[in-house]
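Notes to accompany the following structure.
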Amino acid sequence: AYCDAMKVDKNEIPQTTRVVPNLRFNRGEEGSSKQVGEHIIRRRMTSIGRFSMKSETTSNPSIPTFFLALANNNNNSSSSSKSKNSSGGITASEFESLWIQRDMHNRHPRFHSRVSKEDDRFFEQPHHPPSSSTVETNDVEFAAKTMKTKQSKNTEEKEILEVKAEIHNHAIETSHPSRIYREELRKRIEDFLTKPLDIMDKLWEVEISTGPLGSSGAIGHAKVNQIRHPKKQHQQGDDDKEEPTESILLFRAHHALADGVSLAASFLDLTDEAEEMRQDIENEIQKRKKKRKEANKELTMLQRWLK
């Protein structure tokens, strides 16, 4: 449902995209020059996205939710990493670093957006040009050139810190849902589906937790046994191996940002198996389309028979 138009050129700025300096306090002084450190990329929301925002209720918000369950092999981690993270699972800080490493802020810039407080027909995404830039309030050409300019090393480092700070607002560490098998995880998903989300602050969030492998029920018993007892010869020292753990990344996002399938497909870029799992999703979609086509064909034949 999100208008993902990122290419901004001075001669071909999409109609759904506007690059404006973040000078809301000076809106009435057109043509004046100000020292600014941030620009806002503003995109018009699609009709589907706006409908999902306007049709939701307090008790029934439009918030797709899903989770990723990761099995952690603690035995392959170094002693230094173990000292930093005794649980062996992913932390919010590691999630932020992984976001930068996989270049998610450039591959999926929509995840840095929020709904505009001034006009809820638009998404806003911060863009940070060099702090020494001086621009005119409505100088779109300059803003487009700034986006295209190759940044220096110091500017890139600053951008990384800014992106990390933004993601820090989205990633939350919490206790692992392991007290009641699957029941606690189910309740958390229900809470994520029904709890309102301040879309003018952020459009998505993720809760990260780590605990004993198989304790939450996110990974089934058969898969847990397969991980605990891989089909290989018993090696010396196997009895001294640490107990494996699992990490759960529970995501939720407003439907105005995207639907559940596209959200899951986008977040898969954080994993090493992204292409493989994306192909699995595509195969499942095609499989369901085929079933629906066959069902429609049978219905058509039945209608003809009734006539």
### Message
So, in the range 101-141, exactly how many residues are open to solvent by 60 Å² or more (accessible area, probe 1.4 Å) and modelled with pLDDT under 50?
### Response
5
### Query
Do any strands (runs of 3 or more DSSP E) entirely within the range 10-76 hold 1 or more residues that are open to solvent by 90 Å² or more (accessible area, probe 1.4 Å) and modelled with pLDDT of 55 or more, and if so, which?
17-21, 39-44
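Could you list, in sequence order, all residues of the range 291-307 that are over 40 Å from the mean Cα position of the chain (by Cα) and open to solvent by less than 100 Å² (accessible area, probe 1.4 Å)?
Once the filter is applied, which keeps residues that are over 40 Å from the mean Cα position of the chain (by Cα) and open to solvent by less than 100 Å² (accessible area, probe 1.4 Å), the range 291-307 yields Thr300, Leu302, Gln303.
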### Query
Among the listed residues Lys195, Lys164, Lys158, which satisfies the condition of being over 26 Å from Ile41 (Cβ atoms) and either modelled with pLDDT under 95 or hydrophobic (A, V, I, L, M, F, W, C) (or both)?
Lys195
### Summary
The lone condition Glu282 fails out of (1) closer than 29 Å to His229 by Cβ; (2) open to solvent by 60 Å² or more (accessible area, probe 1.4 Å); (3) not basic (Lys, Arg) is (1)
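Return the residues of the range 278-307 that are without any contact (Cβ under 8 Å) to a residue 12 or more places away in the chain and among the hydrophobic types (A, V, I, L, M, F, W, C); say none if nothing qualifies. Steps first, answer last, please.
Residues of the range 278-307 without any contact (Cβ under 8 Å) to a residue 12 or more places away in the chain: 279-280, 282-284, 286-307.
Residues satisfying the conditions are Ala295, Leu299, Met301, Leu302, Trp305, Leu306.
The values are calculated or read from the model by the stated rules, or taken from the named source; none is laboratory data. These figures come from a predicted structure and were not determined experimentally. Don't worry about glycine lacking a Cβ; one is built from the backbone with ideal geometry, like all the others, and counts go over all protein chains shown. Surface accessibility is based on the protein's heavy atoms, side chains included, excluding ligands, DNA and RNA. Shrake-Rupley method; radii C 1.70, N 1.55, O 1.52, S 1.80 Å.
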